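J.: Input: one structure, supplied below.
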Amino acid sequence: MFKRSLLVVGFALWTVSPASPADVSVSEQTFGCILDWPQVRNTRIRHADPQQLAEAMRIFRDSIPNVEYFVGTILQLVPFEAMDISAAGTKIRDRGDNVVNLSQNKTCLSCHQPAASFDFVCEKGHGCAPIPFNDQAINALQQADARCAKQ
């Protein structure tokens, strides 16, 4: 099983003080416009506690191995990972280690396993196979997030 519990897109766990995955409540309301989250390279990162968010961003930015993200950290690359999204909001399709990536017909864990020393977070240089999106496509997908208010 993932070090903590793989929820939706990343490691979605919550707290200001040490907590267990059982203390975490992640719902459709947890997710909104991906553009509202701080960004490190292509990845959007969220944590309710500003200090823990800053630390999560540092861990990710510096690709620090053998460190777990704080409970409550969510990392998201594209808006639709394990979710259906629309202007009305988010619908979580599945949770946990056995979630299947429908476009690849593999479990998420099978692709993220090579990044075990990075708390199962895949990024260039973490040992995971490349994804079928280049940086420009990832940006376009984030910009097209249906949950973002169009101006």
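Each value in this text was obtained by applying a stated rule to the coordinates, not by laboratory testing. Because the structure is a prediction, the values reported are computed rather than measured. Neighbour counts are summed over all protein chains in view; Cβ atoms, including those assigned to glycine, are modelled from backbone coordinates with ideal geometry.
J.: When the range 128-143 is examined, which residues are found to be surrounded by 13 or more Cβ atoms within 10 Å (Cβ to Cβ), part of a loop (DSSP other than H, G, I, E, B) and of a type in the set (A, V, I, L, M)? Full working, then the answer.
T.: Step one: of the range 128-143, the residues surrounded by 13 or more Cβ atoms within 10 Å (Cβ to Cβ) are 128, 131, 133, 137-139, 141-142.
If we keep only those that are part of a loop (DSSP other than H, G, I, E, B) too, we end up with 128, 131, 133.
Across the range 128-143, the qualifying residue is only I131.
J.: Among the residues of the range 99-126, count how many are over 16 Å from the mean Cα position of the chain (by Cα) and either of a type in the set (D, E) or under 21 Å from V71 (Cβ atoms) (or both).
T.: 1
J.: Among the residues that make up the range 112-127, is at least one of them on the phi < 0 side of the Ramachandran plot, surrounded by fewer than 18 Cβ atoms within 10 Å (Cβ to Cβ), assigned to a loop (DSSP other than H, G, I, E, B) and without any contact (Cβ under 8 Å) to a residue 40 or more places away in the chain?
T.: For the range 112-127, residues on the phi < 0 side of the Ramachandran plot, surrounded by fewer than 18 Cβ atoms within 10 Å (Cβ to Cβ), assigned to a loop (DSSP other than H, G, I, E, B) and without any contact (Cβ under 8 Å) to a residue 40 or more places away in the chain: present.
J.: Would you be able to say whether some residue in the range 74-96 is in a helix (DSSP H, G or I) and free of Cβ contacts under 8 Å to residues at least 40 places away in the same chain? If you could, list the steps in order and put the result at the bottom.
T.: Taking the range 74-96 as the starting set, the residues that turn out to be in a helix (DSSP H, G or I) are none.
No, the conditions are met nowhere in the range 74-96.
J.: Let me ask something else. Take the range 53-73 and flag every residue that is in contact (Cβ under 8 Å) with a residue 12 or more places away in the chain, assigned to a loop (DSSP other than H, G, I, E, B) and among the acidic types (D, E).
T.: Hit for the range 53-73 is E68, nothing else.
J.: Give the range 47-73 a look and list any residue that's of a type outside the set (G, A, S), touching a Leu at 6+ places or on another chain (Cβ under 8 Å) and over 15 Å from G125 (Cβ atoms), or say none. It would help to see each step written out before you state the result.
T.: First, pick out the residues of the range 47-73 that are of a type outside the set (G, A, S): 47, 49-53, 55, 57-62, 64-71, 73.
Still in the list and also touching a Leu at 6+ places or on another chain (Cβ under 8 Å): 47, 60, 69-71, 73.
Hits for the range 47-73 are H47, Y69, F70, V71, T73.
J.: Assess whether K106 counts as being of a type in the set (D, E, K, R), in contact (Cβ under 8 Å) with a residue 60 or more places away in the chain and over 16 Å from R44 (Cα atoms).
T.: Details: of a type in the set (D, E, K, R): yes; in contact (Cβ under 8 Å) with a residue 60 or more places away in the chain: no; over 16 Å from R44 (Cα atoms): yes.
The answer is no for K106.
J.: Check the range 94-112 and report whether any residue there is under 19 Å from W37 (Cβ atoms) and small (G, A, S).
T.: Residues of the range 94-112 that are under 19 Å from W37 (Cβ atoms), as a first pass: none.
For the range 94-112, residues under 19 Å from W37 (Cβ atoms) and small (G, A, S): absent.
J.: Looking only at the range 70-98, which residues are under 11 Å from the mean Cα position of the chain (by Cα) and of a type in the set (S, T, Y)?
T.: T73
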